[in-house]
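A short worksheet on the structure shown next.
The values are calculated or read from the model by the stated rules, or taken from the named source; none is laboratory data. The structure presented is a predicted model; accordingly, all values stated were derived computationally and were not measured. Note: ideal-geometry Cβ built from the backbone for every residue, glycine included; neighbour counts use all protein chains shown. Just the protein is used for accessible areas: all its heavy atoms, side chains included, with ligands, DNA and RNA removed. Shrake-Rupley method; radii C 1.70, N 1.55, O 1.52, S 1.80 Å.
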Amino acid sequence: MTCCTAGGVGAAASFAASRSRSATLSDAGHQGVSVFAGQDAVEDETRAQSSPLPDGTQRLVLVVPSMHCSGCLTKIERAIGALPQVVSVRANLSNRRVTVVWDGEKGQGSAIRDALTVLGFEHHLLGTGDANEAHLEAQGRFLLLCLAVAGFAAANIMLLSVSVWSGADEATTKLFHLISGLIAVPAVFFAGRPFFASALSVLTKGQLNMDVPISLAVLLSLGMGVFESLNGGHEAYFDACVTLLFFLLIGRTLDHHMRLKARGAVASLARLSSPGALRVLANGGTAYVATDDIADGMRLRINVGDRLPVDGVVLSGRTDIDRSLVTGESEPVAVDAGAELEAGTLNLTGSFDMQARGTAETSFLSEIQRMMEAAEQGRGTYRRIADRMASVYAPAVHLLALVTFIGWMIATGGDWKASLYTSIAVLIITCPCALGLAVPVVHVIGASRLFRAGILVRDGGALERMAEIDTVLHDKTGTLTEGEPQVERSEGLRAHHMPALLALASRSSHPASRALLNHFADRANAVSPALNVASNVDSVEEHPGLGMEGVVDGLRVRLGRPAWALEFAKGRVPTGLQSANVVFAREDGQIALFSTRDTLRMDARESVARLKNAGLCSQILSGDSRHKVWTLGAELNISRVDGDLLPQQKLAHVERLGADGKRSLMVGDGLNDGPALTAAHVSMAPASASEVGRMASDFVFLGKSLAAVPVAYEIAKHTGRFVRQNFALALLYNAIAIPLAVAGFVTPLIAAIAMSASSIVVVGNSMRLWRVRVFEASKDERDEGEGRARSPKQALSPVPQEGAMA
């Protein structure tokens, strides 16, 4: 059970402390001028903890431990989003963080924090350590303490109540009632603090949340017990009051710990980050430097057992690295000088020196964490429905309780005790906790399962879109295939072509260019041992989707797509063109043809078959030659294939499918796939893709196996099914519980048990997603993949953008 808590533990004290330095939110927001005493220090601290973004804005992350449900989330986003300096705001319910992108030229960052304070939310800046985890652990310990106090009080009061129910005389009954009151009053005021502090915080702002009716119900029950005891009543409600609080705390404590378990993947990522490293000084000595203080280009020494704090390149030394975080494969990778490594990977066998590439904020590990957090806060259709329904509950609950009280007063002829007792039950049983949990818990678990399968998702809404697809569009090179082709045949190549050919190929990171460089490595070294042949070609230019062009000895030369390069053929159509997929051509008509072959990506056949069995239509969209694309389509049993496509043509095909009502998944890896990835209903790319390809994708898979595609689809389908089940459970609970409570068939104690049980049932149903079986890589393919680990350069960290060829 969880409710919209706008203050939580310690919120009231935090609010009181802030009032001495707080003015109005509107002044702070619209004038962009700080109105807090000592605000210069707050502003400096806020700017110091904000990360600059390329467009000149800043990214601020605030931890809000007292944010508990979608109502809190909506309230925070609405208030902060109204500030003129705020570009965007996203609240993450699972890790209690609020991420704000803001413009320092339009206002002050301290106004963002003021907005949370005025709403009554305790918060702090995201520190370099585990501040958020510490807050969550402290909150969990406090909830356990409150639960223990409530349980102790409930047990003792229940023992006294048994004597009264057994027929104790009037004097004994009064004495036991007074003793019960002496136990109940301090116990309620201590154990009820998680609810009371939150309710008081929002009431002082003239607002409501679901802790208000809960607090009202508990205090009314306590007040009735005190009134009956002081006036000699035969019934006191101390047992019901304290037991009610006990069950409410059981629900909240269990929910707190289940949330922590559900977001274990994000927490485990945080634990992979190193707190710092040894910096190598100019005199050869070393000094410890914190991870956040590591700058680009800094020389670091990584000892055995250390995790890399930032991305970097090995300068000296040799070791084995555990890169399972990147590739999903447990086999260690041997590295030496020149190897590129990612933050979070583990050094296993030897010390080495590395040069930092970027900072902790821009590292591979940070990118994964940002994607995981974004996945947990997506705004899909289900999430928006739950948010809207939960937002109207608080006023509706109070209105329903008031109507129930008035109705029962009329029906009972003015029996205020029975009427109040019934309205208390209504206040408790109508909490929308189960409905608020229906979506976010499933999305958190779904994102965690994807992460365990080596798949990152950028947005929880992408899970919903993935479950809706009916068509899968595959790129060929680097997606269905390994993206590391080899030259199979060449025709028409002359010795004097080599310098220009190698110069153009060296300027591109396209797989076909790498294949040419590898194939002609010996001849390249003969031309120039350092392969410094680029000086032979002037005005080198890349044409996206086509190839590379330059000028040598006054003649234009091209390397790339056959149809484009053969514009220099002067009408000649060389033999062997049908099987060629790369052409080198000079403006004087001299031509060389190259045919490359590539190997299928691991589990490609099984993955395509799995998608077909799921009722999905698979297609291939490639810039490679039609002959090669058709051959691959026949091998994979894909009947709809298109080759020789430019980026614009891929985009047009995706848009046509959308216009026809199709919902497509685009799986691609290159610069030329970027437009299609963006236009598709949902998109996916391997970690080895170009940066443009990764940034345009909703999903990124880290390993080499194409099994990631059906795995993502199956997990998304299961996620949607569990969300719908949770909605059904929450609505069924309310449809049954509310009429029973209004009719007087439910006591406050039973209401508390039912409300807690409904939330626990929803969370428990969501946890079943951990046990769902999905498609996995075949053992033979998986073992083979572990034996030929991909180069460390092909990781999720930024790589040169793919060249323009197919």
**OP:** Highest first, please rank the peptides 398-409, 588-599, 102-113 by the mean number of other Cβ atoms sitting within 10 Å of their residues.
**Re:** 102-113, 588-599, 398-409
**OP:** Collect residues whose amide H, placed 1.01 Å from N in the peptide plane, falls under 5 Å from the amide H of residue 334; neighbours closer than 5 in sequence don't count.
**Re:** 321
**OP:** Output the peptides 465-471, 552-558 sorted from most to least packed, where packing is the average of other Cβ atoms within 10 Å over each peptide's residues.
**Re:** 465-471, 552-558
**OP:** Amide H neighbours of residue 351 under 5 Å, at least 5 residues apart or on other chains, H built in the peptide plane: list them.
**Re:** 304
**OP:** Please sort 660-668, 213-221, 181-189 by packing, taking for each peptide the average over its residues of neighbouring beta carbons within 10 angstrom, highest first.
**Re:** 213-221, 660-668, 181-189
Original post:
To the nearest 0.05, how large is the calculated FRET efficiency for residue 159 and residue 735 if R₀ is 35 Å and r is the Cβ-Cβ distance?
Top reply: 0.40
**OP:** Could you please put 47, 96 in sequence from largest to smallest accessible area, using a 1.4 Å probe?
**Re:** 47, 96
**OP:** Apply the Karplus parameterisation 6.51 cos²θ - 1.76 cosθ + 1.60, with θ equal to phi minus 60°, to every residue of the stretch 656-665 and state each ³J(HN,Hα) to the nearest whole Hz, in sequence, with x for glycine and proline.
**Re:** 5, 4, x, 5, 7, x, 7, 10, 9, 9
Original post:
Short version: ³J(HN,Hα) in whole Hz for each residue of the stretch 439-446, in order, from phi by Karplus 6.51 cos²θ - 1.76 cosθ + 1.60 (θ = phi - 60°), x for Gly and Pro, what are they?
Top reply: 9, x, 5, 5, 5, 4, 5, x
Subject >> Karplus-derived 3J(HN,Hα), 6.51/-1.76/1.60, for each residue of the stretch 109-122, Hz, glycine and proline x >> reply: x, 5, 5, 5, 5, 4, 4, 5, 5, 5, 6, x, 9, 5
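Show 681, 474 ordered by accessible area, largest first, where the area counts protein heavy atoms only and the probe is 1.4 Å.
On the way: 681 55, 474 0 Å².
So, going from the largest accessible area down, we get 681, 474.
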Original post:
So which of 570/650; 205/417; 628/650 end up more than 20 Å apart, counting from Cα to Cα?
Top reply: 570/650; 205/417
**OP:** Would you grab the residues whose amide H sits under 5 Å from the one on residue 618? Only those 5+ places off in sequence or on another chain, please, with H modelled 1.01 Å from N.
**Re:** 472
Original post:
What is the distance in Å between the Cα centres of the stretch 503-520 and the stretch 585-627?
Top reply: 18 Å
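Using a Förster distance of 22 angstrom, determine the FRET efficiency expected from the C-beta separation of residue 637 and residue 721, and round it to 0.05.
Values: r = 28 Å, r/R0 = 1.29.
Calculated value: 0.20.
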